Amino acid sequence: MRITPMDIEQQQFGRSFRGYNEEEVDNFLDRIAKDYEEILNENIKNKEELEKLQVRLEEYSQMEETLRNALVNAQQSASNIKESVQIEAQAVIEAAKIEAERIKQRAKQEILDISNEIAALKKNKYLILEKLKNTLKIHIRMLEDEIVEEPDVDAASRYTKRTSFEDLNLKLYPEKGQPDEDIENKGLN
């Protein structure tokens with residue numbers, strides 16, 4: 001069992017012949033009792049403070065554990081978000097590449113279509129110009145044939161000799177047959 005400050009104050013020693021000075025021993029015991037009481041009170045306060053600190057330490061430990069868990073969750077979330085963003089970015093890049101390739105292929109096809117259309121138009125232009133050239137050649141030949149043909153001098157002299165309108169009409173319009181009487185009367189008489 002522990003000694004209390006009261007035990008120290010009430011302690012009685014037996015007397016002996018050459019013992020200690022009783023007053024000095026009592027004063028010393030009183031001082032020891034007071035110091036011991038102060039130490040015990042201090043010890044009690046320290047224990048109370050220790051209990052409070054232990055409670056706070058437990059709270060802080062729980063907070064630390066909560067923060068640690070939150071930090072781990074945040075790191076995992078950040079890692080998941082980063083991975084998700086990278087996957088999404090890769091998908092966007094792939095989609096953009098595919099779209100760019102489609103646009104490129106469409107442009108190539110349009111260039112090819114336009115080139116084919118230009119070639120067809122050039123061919124049509126060539127054919128039209130050739131037809132026009134041939135038509136013009138035919139007309140030029142016809143004109144040259146008309147110019148080259150010399151007038152029939154005998155026919156001209158026959159016409160200048162007062163031939164009848166009927167003869168002239170038959171020569172000019174053989175398909176008509178007989179000339180009209182009215183035209184003949186108005187004619188060259």
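How far is it, in nm, from the label point at residue 115 to the one at residue 101 when both lie 7 Å from their Cα along the line to the Cβ?
2.2 nm
Could you calculate the FRET efficiency of residue 4 with residue 74 from 1/(1 + (r/R0)^6), where r is the beta carbon distance between them and R0 is 41 Å, rounded to 0.05?
On the way: r = 55 Å, r/R0 = 1.35.
Once rounded, the FRET efficiency stands at 0.15.
Once the dipole of segment 1-133 is set up with Lys and Arg at +1 and Asp and Glu at -1 on Cβ about the Cα centre, which of 107, 20, 61 lies farthest towards its positive end?
Of the options given, the answer is 107.
Counting other beta carbons within 10 Å of each residue's own, what order do 66, 4 fall into, fewest first? Before the final figure, lay out each step's value.
Numbers: 66 10, 4 13.
Least crowded to most crowded, the residues run 66, 4.
By the scheme Lys and Arg +1, Asp and Glu -1, what is the net charge of all other residues having a beta-carbon under 13 Å from that of residue 41?
Working: positive: 34, 45, 47; negative: 35, 37, 38, 42, 48, 49.
Within the 13 Å Cβ shell, the charges total -3.
What distance in nm separates the simple spin-label points at residue 66 and residue 137, each placed 7 Å from Cα in the Cβ direction?
10.4 nm
Throughout, read-outs are computed from the coordinates displayed, never taken from laboratory work. Note that the structure is predicted; figures quoted are calculated from it, not measured. FYI the Cβ positions are ideal-geometry reconstructions off the backbone, even for glycines, and counts take in every protein chain you see.
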